[in-house]
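Heads up, the thing below is written out as structure tokens.
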Amino acid sequence: MAQTHSAGRRPDSRRPDRTPAARGDTTEKVVFINRCAKVVKGGRRFSFSALIVAGDHDGKVGCGFGKANEVSEAIRKASEAARKAMEKVSLNENTIPHEVIGEYDGARVLLRPASPGTGVIAGGGVRAVAEAAGIRDVLAKSLGSSNHANVVKATIAALKSLRRREEIFKVRGIHFSDGKGEQHDASS
């Protein structure tokens, strides 16, 4: 009897490819597809809207929304919009530099940096945005509305508000060297 899996474990069906996408490759993930029905004389007419997140796994991420009478056309429109809307966000290796809350309309998203090996602890739209941006370790919680579009936009707003230590020191006029700011002696 040939054993296909080591130690009798089943393969993880949730993640068919455990290898992360290469940095620089733009990938797209469908977050939500909505079907809308309009009742007309001959019956129901369906239209579709798609919400897509695009990112290069190296700190650039964007979202797009497309509507059409076919799913494939809605996805195509949304992916074009997502690629156009991609913006640079500040990352600290595989996580984020500091804790942040992003807001968009009724949606509030809390993001916290996590230690290496934690993974992306987030759901739905937040996970899609974090993975597309190239974040591998983060803790997230959606605090407000569960509307997919607003949660995605709140997550992107949170990521855009992140600042690295070097950027903050530069704005404040503090000389940055070896991870610490220049120490000012208060005793003199």
Inset, instruction - Can you give me the number of residues within segment 120-150 that are in a helix (DSSP H, G or I) and free of Cβ contacts under 8 Å to residues at least 24 places away in the same chain? - result: 1
Inset, instruction - Return only the number of the condition from (1) modelled with pLDDT of 90 or more; (2) under 13 Å from the mean Cα position of the chain (by Cα) that residue 118 does not satisfy. - result: (2)
Inset, instruction - Evaluate segment 89-107: report whether one residue or more is within 21 Å of residue 30 (Cβ to Cβ) and either of a type in the set (Asp, Glu) or at pLDDT 95 or above (or both). - result: no
Legend entry - Top-ranked residue in segment 96-119 [being open to solvent by 20 Å² or more (accessible area, probe 1.4 Å) and outside any loop (DSSP other than H, G, I, E, B); ranked as farthest from residue 145 (Cα to Cα)]: 113
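Conditions (1) of a type in the set (S, T, N, Q); (2) on the phi > 0 side of the Ramachandran plot; (3) modelled with pLDDT under 95, marked per residue:
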{"residue": "6", "(1), (2), (3)": "yes, no, yes"}
{"residue": "16", "(1), (2), (3)": "no, no, yes"}
{"residue": "25", "(1), (2), (3)": "no, no, yes"}
{"residue": "29", "(1), (2), (3)": "no, no, yes"}
{"residue": "38", "(1), (2), (3)": "no, no, yes"}
{"residue": "47", "(1), (2), (3)": "yes, no, no"}
{"residue": "56", "(1), (2), (3)": "no, no, yes"}
{"residue": "66", "(1), (2), (3)": "no, no, no"}
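Regarding segment 51-59, can at least one residue be identified that is of a type in the set (Gly, Ala, Ser), in contact (Cβ under 8 Å) with a residue 12 or more places away in the chain, closer than 30 Å to residue 166 by Cβ and assigned to a loop (DSSP other than H, G, I, E, B)? Please lay out each step first, then the result.
Keep residues of segment 51-59 that are of a type in the set (Gly, Ala, Ser), which gives 54-55, 59.
Filter once more, keeping what is in contact (Cβ under 8 Å) with a residue 12 or more places away in the chain: 54-55, 59.
Remaining after also requiring closer than 30 Å to residue 166 by Cβ: 54-55, 59.
Of the ones still in play, those that are also assigned to a loop (DSSP other than H, G, I, E, B) are 59.
There is at least one residue in segment 51-59 that is of a type in the set (Gly, Ala, Ser), in contact (Cβ under 8 Å) with a residue 12 or more places away in the chain, closer than 30 Å to residue 166 by Cβ and assigned to a loop (DSSP other than H, G, I, E, B).
The values are calculated or read from the model by the stated rules, or taken from the named source; none is laboratory data. Fair warning: this is a prediction, and the values are worked out from it, not measured in the lab. FYI the Cβ positions are ideal-geometry reconstructions off the backbone, even for glycines, and counts take in every protein chain you see. These area figures cover heavy atoms from the full protein model, side chains too; ligands, DNA and RNA do not enter into them. Shrake-Rupley method; radii C 1.70, N 1.55, O 1.52, S 1.80 Å.
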